[in-house]
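Okay, so here's the structure we're looking at.
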Amino acid sequence: MSKILFVCLGNICRSPLAEGIMLHLNNKHNLKLEIDSAGTSNYHIGDSPDDRTISNALKNGINLSFLKARQFTLNDFDYFDHIFVMDKNNLNHVLSLTKNEIHKNKVSLFLNSVYPNKNLEVPDPYYGIEKDFETVFQLVYKACEDFIRIKKLV
Ligand code: 4NP
């Protein structure tokens, strides 16, 4: 079983969305992945995902309301096989916490796992409007679908 951690800044918009979508695909295809998400910041520890993220995901058939934000910890480097980060700022933050090559090799931009070497980011919708949440949903959903196909999980 592969253990995947999605990471963003607040753990209330992008990474819980990726977690919820991957959980959905995990159930749908019986993939046996272990999936979690975390934020690099402590801003929203214990909070549910952002209301706009929850409502947009629900409109698209994904329930995120049971998720609670937590902060990334050093133990995550040992526990998870893949640490997929949403943008370059948070990638640099997570990389700055690594203490060895094994940990470093687990960390990458999420979109590089499906669109290699492009260094594409999942944009932060937090200061955006409704359509930005839909754009992020479609981007992350497609990337999650591409991920399980490219990795030959389905
Ligand atoms: P996320 O979005 O990193 O996708 O969860 C954000 C959520 C909260 C904040 C920034 C980004 N914030 O500054 O509180």
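The values are calculated or read from the model by the stated rules, or taken from the named source; none is laboratory data. None of the values given here were measured: they were computed from a predicted structure. Counting neighbours? That spans all protein chains shown, and the Cβs are built from the backbone with ideal geometry, glycine included.
Select, from 26, 90, the only residue that is free of Cβ contacts under 8 Å to residues at least 12 places away in the same chain, crowded, with 18+ Cβ neighbours inside 10 Å and within 25 Å of residue 150 (Cα to Cα).
Selected residue: 26, the only one of 26, 90 that is free of Cβ contacts under 8 Å to residues at least 12 places away in the same chain, crowded, with 18+ Cβ neighbours inside 10 Å and within 25 Å of residue 150 (Cα to Cα).
Results for (1) modelled with pLDDT of 95 or more; (2) in contact with a Gly (Cβ under 8 Å, 6 or more places away or on another chain); (3) within 16 Å of the ligand (Cβ to nearest atom), shown as yes or no for each residue.
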residue	(1), (2), (3)
72	yes, yes, yes
77	yes, no, no
81	yes, no, no
84	yes, no, yes
88	yes, no, yes
93	yes, no, yes
96	yes, no, no
116	yes, no, no
137	yes, no, yes
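Mind listing whichever residues of region 6-21 are within 7 Å of the ligand (Cβ to nearest atom) and not in a helix (DSSP H, G or I)?
8, 9, 10, 11, 12, 13
With respect to the numbered conditions (1) closer than 22 Å to residue 31 by Cβ; (2) more than 12 Å from the ligand (Cβ to nearest atom); (3) of a type in the set (A, V, I, L, M, F, W, C); (4) in a loop (DSSP other than H, G, I, E, B), which one is the sole condition not fulfilled by residue 67?
Exception for residue 67: condition (2).
Assuming residue 104 fulfils every condition listed in (1) farther than 18 Å from residue 4 by Cα; (2) basic (Lys, Arg); (3) without any contact (Cβ under 8 Å) to a residue 40 or more places away in the chain apart from one, which condition is it?
Condition not satisfied by residue 104: (1).
Whether any residue in region 118-132 is closer than 23 Å to residue 27 by Cβ, buried (at least 17 other Cβ atoms within 10 Å of the Cβ), touching a helix residue (DSSP H, G or I) at 6+ places or on another chain (Cβ under 6 Å) and not β-branched (Val, Ile, Thr) is what I want to check.
no
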